[in-house]
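Beneath this line is the structure, given in structure tokens, with notes to follow.
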Amino acid sequence: LKLYRNGRDLESAGRVEDAKASYGQAVEVCKQELADNPNNVEAYTIYGWALVRTARYQEAVTVCSEALKIRRDVRIIETIGEGYFYLSNYKEALKYMQEYIDTAPRGERISTAYFFSGEIYRLAKQYSHADIAYSAAVYLEPSISLWWYRLGGARENAGDKKGAQDAYQRAVKLRPDYKEAADGLNRVRT
């Protein structure tokens, strides 16, 4: 966990290559822990997280699938959902995100699960569903400009210009240089 958290800190500081190295070390430690105790769900959890952070999505899905045979841990459920999302398997991704939302309505990754659900609905052009999911995400985590931008896009595509305007304004307020959000705002101004 220490190596994984170090990777996140390095990634946040823009030190991407150092972060990848730290995630790689976390993976190796987890592999060793699982060799010693194949039922260690904590090791599977961190292993899955590190694989997702290093874009090893198929491997993350495989590892998380093994972990779910031991226990249906909500952290594993959310991680496998992310893995499937990045593999463009949206049906499976949505299934796991919905399970996470249902099982852990106050979970640490609940806002992220709603955001990924919104992304899946947006890609499927189910804009009303995307609006609902993105709205839940920004309610829980109101400081992420991308999420407000996506909410604006869902609302714009659903024909809700006023709602889109409100969301785009929030995105621009959070990040004044957000060109795409400013362009969206200009399109829907009423």
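Computed quantities for the displayed model
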quantity: Matching residues in region 1-20 - criterion: being aliphatic (A, V, I, L, M) and in contact (Cβ under 8 Å) with a residue 12 or more places away in the chain; calculated: Leu1, Leu3, Leu10, Ala19
quantity: Residue in region 144-190 that is farthest from Ile110 (Cα to Cα), counting only those that are of a type in the set (A, V, I, L, M) and either in contact with a His (Cβ under 6 Å, 6 or more places away or on another chain) or open to solvent by 50 Å² or more (accessible area, probe 1.4 Å) (or both); calculated: Ala158
quantity: Selection status of Ser22, open to solvent by less than 20 Å² (accessible area, probe 1.4 Å), of a type outside the set (A, V, I, L, M) and assigned to a helix (DSSP H, G or I); calculated: yes
quantity: Helices (runs of 4 or more DSSP H) wholly inside region 102-179 that include at least 1 residues being free of Cβ contacts under 8 Å to residues at least 40 places away in the same chain and under 21 Å from Ser88 (Cα atoms); calculated: 110-123, 127-140, 145-157
quantity: Residue check, Glu141 more than 17 Å from the chain's Cα centre (by Cα) and open to solvent by 50 Å² or more (accessible area, probe 1.4 Å); calculated: no
quantity: Enumerated helices (runs of 4 or more DSSP H) restricted to region 36-86, each holding at least 2 residues that are without any contact (Cβ under 8 Å) to a residue 24 or more places away in the chain and farther than 22 Å from Phe115 by Cβ; calculated: 41-53, 57-70
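The values are calculated or read from the model by the stated rules, or taken from the named source; none is laboratory data. The structure displayed is predicted, hence computed values, not measured ones. Positions of Cβ are backbone-derived with ideal geometry, glycine not excepted, and every protein chain shown enters the neighbour counts. What goes into the accessible areas is simple: the full protein's heavy atoms, side chains included, and nothing from ligands, DNA or RNA. Shrake-Rupley method; radii C 1.70, N 1.55, O 1.52, S 1.80 Å.
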